[in-house]
Amino acid sequence: MNNASNQYKAERSPTHDLIGQRVVVVGGKTGIGLGVARAAQAAGATVAVASRRNLSAKERPDLASFEQVSLDLSDEASVRVAFDAIGSFDHLHVTAGGEAGSWGTFMDEDMRGVRNYMESKFLGSWACARHAAPHLAKDGTITFVTGGTAARAKLGLAAVTSVFSAVEALSRSLALELAPVRVNTIRPGFVETEWWNFLSEAQRDELRAKVRAKFPARHLGTPADVGHAALFLMTNPYITGTVLEVSGGELLVDWLF
Ligand SMILES: NC(=O)c1ccc[n+]([C@@H]2O[C@H](COP(=O)([O-])OP(=O)(O)OC[C@H]3O[C@@H](n4cnc5c(N)ncnc54)[C@H](OP(=O)(O)O)[C@@H]3O)[C@@H](O)[C@H]2O)c1
């Protein structure tokens, strides 16, 4: 191998490990966030998982290896206090926000659904980035999580569609605002998590059957699938301001509603 290719390898070969790095996952105690927390820990990072509830080792032995942090995305002061207490770290991943089934409809009399959804998912993502930024490493990353409705509106989901699109726009803006910190969004498809528990078991089974039959990947997404993609965004040094779909091809087919 000549000198030029050795130099290329030394300068340009990204690693997939996070040894010695610190990762904070907001929404990391369950679902997609827990998939991200596990992937980061397996790659060598020290991981803090944040959400409203702190869970005892008896309740959740699987969280014992993570630092637990308490914050509520709808309460900016609690977000600021949490990040000031966390201190320096390398990668922020925000999955949380926007309680399932809480979005109301376009014609809601008091617009409470969209206000709550906006407050939690959009302003919550904003608050996390805002109060994490002073503590983030210069070569660190922020990753937000949206969903397929950001790209393909669905009847009855005006609040979700609008808020997810706003989060993706925020992600692009922050890629400029916070550079060289890299800022991206993951847009998952159906992922098997507690998030779907607002539906009955029979409705969930129906959805699972549709996903298996219609999504080009022909299987249900898992939190580990998203964790794998999140690790890629944390470790690839040249990706910023983008949306990465981890959806099994959801947007290529009609499946929901
Ligand atoms: N699952 C899917 O198929 C799917 C597909 C596309 C997009 N998404 C999006 O992905 C995100 C995560 O979904 P998921 O499936 O991982 O859901 P999940 O398993 O229900 O996890 C949500 C997590 O967010 C935390 N959380 C909720 N509200 C919070 C708040 N106000 N402040 C702080 N933490 C809060 C919850 O913990 P606490 O209750 O302890 O606060 C929980 O750990 C959601 O925005 C969802 O819309 C999911």
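The values are calculated or read from the model by the stated rules, or taken from the named source; none is laboratory data. Computed from a predicted model, the values in this text were never measured in an experiment. Note that each Cβ is placed from the backbone with ideal geometry, even for glycine, and that neighbours are counted across all protein chains shown.
Summary of values
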| read-out | value |
| --- | --- |
| Subset of the range 115-140 [under 11 Å from Leu170 (Cβ atoms) and polar (S, T, N, Q)] | Ser125 |
| Test for Thr146: is it of a type in the set (Val, Ile, Thr) and modelled with pLDDT of 95 or more | yes |
| Yes/no for Ser247 being under 30 Å from Val181 (Cα atoms) and small (Gly, Ala, Ser) | yes |
| Residue pairs meeting the criteria (Cβ under 7 Å; at least 6 apart or on separate chains; first in contact (Cβ under 8 Å) with a residue 24 or more places away in the chain, in the range 161-176; second aliphatic (A, V, I, L, M) and in a helix (DSSP H, G or I)) | Val163/Met118; Phe164/Ala150; Glu168/Ala150; Leu174/Ala129 |
| Members of the range 69-91 that are within 13 Å of the ligand (Cβ to nearest atom), assigned to a loop (DSSP other than H, G, I, E, B) and touching a helix residue (DSSP H, G or I) at 6+ places or on another chain (Cβ under 8 Å) | Leu71, Asp72, Leu73, Ser74 |
| The range 203-230, subset part of a helix (DSSP H, G or I), among the aliphatic types (A, V, I, L, M) and within 11 Å of the ligand (Cβ to nearest atom), residue nearest to Gly35 (Cα to Cα) | Val226 |
| Unmet criterion (only one of (1) at pLDDT below 95; (2) closer than 25 Å to Ser171 by Cα) for Ser56 | (2) |
| In the range 1-49, the residues that are of a type in the set (Gly, Ala, Ser), at pLDDT below 95 and not in a loop (DSSP other than H, G, I, E, B) | Ala4, Ser5, Ala10 |
| Qualifying residue in the range 136-148 (condition: over 24 Å from Ser70 (Cα atoms) and within 10 Å of the ligand (Cβ to nearest atom)) | yes |
| Residue count for the range 35-68, restricted to those that are among the aliphatic types (A, V, I, L, M), near the ligand (Cβ under 10 Å from one of its atoms) and surrounded by fewer than 20 Cβ atoms within 10 Å (Cβ to Cβ) | 1 |
| Candidate set: the range 174-202, residues that are assigned to a helix (DSSP H, G or I) and surrounded by 13 or more Cβ atoms within 10 Å (Cβ to Cβ); chosen: the one nearest to the ligand (Cβ to nearest atom) | Trp195 |
| Residue count, the range 111-129 (criterion: within 11 Å of the ligand (Cβ to nearest atom) and not hydroxyl-bearing (Ser, Thr, Tyr)) | 8 |
| Whichever residue in the range 92-140 is in a strand (DSSP E or B) and under 12 Å from the mean Cα position of the chain (by Cα) and, among such residues, is surrounded by the most Cβ atoms within 10 Å (Cβ to Cβ) | His93 |
